[in-house]
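The values are calculated or read from the model by the stated rules, or taken from the named source; none is laboratory data. None of these values were measured; they are calculated from a predicted model. Neighbour counts run over all protein chains shown; Cβ positions are idealised from the backbone, glycine included. These accessible areas exclude ligands, DNA and RNA; they are computed on the full protein's heavy atoms, side chains included. Shrake-Rupley method; radii C 1.70, N 1.55, O 1.52, S 1.80 Å.
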Amino acid sequence: MVTETTIRVRYGETDQMGVVYHGNYALYFEEARTDALRKINITYKSMEEEGVMMPVVSLSTDFKRPAKYDDLLTIRSIMRELPTAKIVLEYEVLNEANQLLATGNSILVFVDMKTNRPIKCPEHLYQKFTTFFV
């Protein structure tokens, strides 16, 4: 499953050199991840209403080139495997010239909000993901 999200770099996301502060990539990945889920009619809000949350347990970023103020970035979210009790996403950050600026990945787990314990991906969510892997 591959989706794309565009983000315009705001001035407040940069340092004195006009380069995106490294910590903002976690926010860009979150925006891309929630947008990817929304594109298949899944929202964090609806999952939480059903008693399921998805905390991040791992996050990494590798920087290749700087993103700068006012760049229009494309964040590509890639899910290579169907979720189990966890969901693994990879990210590619590209600028308007299609240059690769950064890569990253995140691992999230499905957690029952009542017990605070990991659970398998709920079946109705799993079915939405399968349409991309058939």
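If E31 meets every condition in (1) within 30 Å of Q127 (Cβ to Cβ); (2) open to solvent by 80 Å² or more (accessible area, probe 1.4 Å); (3) modelled with pLDDT of 95 or more; (4) not in a helix (DSSP H, G or I) apart from one, which number is that one?
Condition not satisfied by E31: (4).
For region 53-134, please list each of the strands (runs of 3 or more DSSP E) lying entirely inside it that holds at least 2 residues being touching a His at 6+ places or on another chain (Cβ under 8 Å) and not charged (D, E, K, R).
56-63
Could you check R76 against (1) free of Cβ contacts under 8 Å to residues at least 60 places away in the same chain; (2) closer than 24 Å to T14 by Cα; (3) among the basic types (K, R) and say which number it fails?
Here R76 clears every test but (1).
If I42 meets every condition in (1) among the aliphatic types (A, V, I, L, M); (2) in a loop (DSSP other than H, G, I, E, B); (3) more than 15 Å from the chain's Cα centre (by Cα) apart from one, which number is that one?
Unmet condition: (3).
Among the residues of region 43-62, what is the count of those that are buried (at least 16 other Cβ atoms within 10 Å of the Cβ) and either under 17 Å from H124 (Cα atoms) or modelled with pLDDT under 95 (or both)?
3
May I ask you to verify whether L125 is within 17 Å of the chain's Cα centre (by Cα) and open to solvent by less than 30 Å² (accessible area, probe 1.4 Å)?
In short, yes.
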